[in-house]
Amino acid sequence: MSLLDLLNHLLNFVAPALAVGFLCALMGRVFVRRAAGVPTWWVQGAINAGVGALVLLGGLVFFGRDGAMTTYAALVLACGTSQWWVSRAWRG
């Protein structure tokens, strides 16, 4: 496997976490009133995507393969929970 193939596989592995993480952050900006002390949307998206990538990695280890629907359900729950935490816990 070449370096470009490896990079392609890694980017395709974390693509759902990036998409769900940044969509949660953007929807948080639409549906939740902005308060003081809350990080910008791209910081929230990066935190959500990081949490999502960890969930995907955990699903890969637990199930032994990528793409299990329970892993994607856990991804959505984890990104939603991290978005809630970032928008609530970091208020000044």
- Scan segment 74-86 and report the pairs whose first residue is in contact (Cβ under 8 Å) with a residue 12 or more places away in the chain and closer than 17 Å to PHE31 by Cα and whose second residue is surrounded by fewer than 21 Cβ atoms within 10 Å (Cβ to Cβ) and among the small types (Gly, Ala, Ser), with Cβ atoms within less than 6 Å and a gap of 6+ or a chain change. GLN83/GLY28
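For the condition surrounded by 14 or more Cβ atoms within 10 Å (Cβ to Cβ) and either within 11 Å of the chain's Cα centre (by Cα) or under 23 Å from THR70 (Cα atoms) (or both), what is the one hit in ALA19, ALA15?
Details: ALA15 fails: surrounded by 14 or more Cβ atoms within 10 Å (Cβ to Cβ).
The unique qualifying residue is ALA19.
Yes/no per residue for (1) within 13 Å of TRP84 (Cα to Cα); (2) of a type in the set (Val, Ile, Thr):
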site	(1), (2)
GLY28	yes, no
PHE31	yes, no
ALA36	no, no
PRO39	yes, no
VAL43	no, yes
ALA49	no, no
GLY52	no, no
VAL55	no, yes
LEU60	no, no
- Task: Output the number of the condition that THR70 fails; it satisfies all remaining conditions of (1) without any contact (Cβ under 8 Å) to a residue 40 or more places away in the chain; (2) closer than 21 Å to ARG88 by Cα; (3) touching a Gly at 6+ places or on another chain (Cβ under 8 Å).
- Result: (2)
- Query: Could you count how many residues in segment 64-90 are over 26 Å from GLY37 (Cα atoms) and aromatic (Phe, Trp, Tyr)?
  - Reply: 1
- Task: Return only the number of the condition from (1) under 12 Å from PRO16 (Cα atoms); (2) touching a helix residue (DSSP H, G or I) at 6+ places or on another chain (Cβ under 6 Å) that SER87 does not satisfy.
- Result: (1)
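None of the figures in this text is laboratory data; all of them are computed from the coordinates on show. From a predicted model like this one, the values you see are computed outputs, not experimental measurements. In this analysis, Cβ positions are derived from the backbone assuming ideal geometry, glycine residues included, and neighbour counts consider all displayed protein chains.
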